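Here is the structure we will look at.
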Amino acid sequence: MKWGTALLFSALTSVATQAYEQDFYIAGSLAAHELADKTGQKVAVHIGAKNIADNNFFLGGELEFALLKNDNFQDTYDGYKEDYSYSANIPVGKRFPISSGSSVDVYGLAGYSSLRIYKGSDDMTADGFRWGAGVDGNFSDLMIGLRYTQGKLNGSRDGASEFDDTEKNLSLMLGYRIQL
C-alpha cells in the first residue's frame with residue numbers, strides 16, 4: 001500500500017472516530033460546464049456525507065453522476081459529443097453555525113473525475129484529478145450550495161489521438177440532508 005493512501009485512510013478513520021455529528025445528503029445540481037474551452041451544460045446528482053468534528057471542521061466523501069450537453073464541443077471536434085461523467089470527491093472544510101437549525105459550510109475538495117466522449121461507435125474516456133471549492137447553506141434538512149470545480153483530464157480515442165485538456169464547472173446545488 002502506498003504511503004499517501006495509508007495516510008488518507010488513517011486521517012479518515014481518525015476523523016470518523018472523533019465526529020460528533022454526521023450529515024448525509026442527496027442533491028441535484030445545474031452547472032455551466034466547460035471542456036477544452038467549449039461551454040455547455042451539466043445536470044448532476046450528488047450523494048455524500050460529512051463527518052463534523054471538534055471546532056466544526058469536517059471531512060466527507062461524495063459521489064457525483066452527471067449528464068453533459070456541449071454543442072460547442074460537438075461543432076468544434078467533428079461531431080464528438082460529451083455524454084456523461086462521474087466523480088468521487090473528498091470535501092474538507094469548516095461549518096459556521098448561524099442558528100440552531102442553520103449553518104454555512106465553506107470547503108475545498110479534491111477528487112477524481114471520468115468523462116465519456118463519443119461519436120458513433122468511436123468513444124473514449126478522459127479522466128484525471130479534480131479540485132475545487134464551495135459554500136453550502138444548511139437550513140434544517142435543506143441544503144443550497146454553490147461550487148466551482150476544475151480538473152485535468154487525459155485520454156485517447158481508440159488508442160490513437162490523445163486528449164489532454166481542462167474541465168471546469170460552476171454548479172448551483174439543491175439538496176436534502178439527514179443529520180445524525
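Structural remarks
- Principal-axis analysis of the Cα atoms of the chain puts helix 3-18 at an angle of about 40° to the longest axis.
- Sequence-separation-based contact order of the stretch 67-153, relative, with Cα cut under 8 Å and 6+ spacing, percent: 24
- The heavy atoms of residue 39 offer some 80 square angstrom of accessible surface to a 1.4 angstrom probe.
- More than 14 angstrom apart: percent of Cα pairs within the stretch 40-112: 68
- Aspartates and glutamates with Cα under 20 Å of residue 94, excluding same-chain neighbours fewer than 8 positions away: 21, 23, 54, 62, 105, 136, 141
- Distant-in-sequence amide contacts of residue 36, defined by a placed amide H-H separation under 5 Å and a gap of 5 or more residues or a different chain, comprise 166.
- Long-range HN-HN contacts of residue 163 with modeled amide H, under 5 Å: 155, 156, 157
- In order along the stretch 94-100, the Karplus-derived 3J(HN,Hα) couplings, from 6.51 cos²θ - 1.76 cosθ + 1.60 at θ = phi - 60°, round to 9, 9, 10, x, 9, 8, 4 Hz, and Gly and Pro are given as x.
- Here the chain is assigned +1 on the Cβ of each Lys and Arg and -1 on the Cβ of each Asp and Glu. Its dipole about the Cα centre then comes out at about 460 debye.
- Surface exposure of the chain, expressed per residue as accessible area with a 1.4 Å probe, stands at 52 Å².
The values are calculated or read from the model by the stated rules, or taken from the named source; none is laboratory data. Remember, predicted model here, so these are calculated numbers, not experimental data. Virtual Cβ from ideal backbone geometry, glycine too; neighbours counted across all protein chains shown. The accessibility values were calculated without ligands, DNA or RNA, using every heavy atom of the protein model including side chains. Shrake-Rupley method; radii C 1.70, N 1.55, O 1.52, S 1.80 Å.
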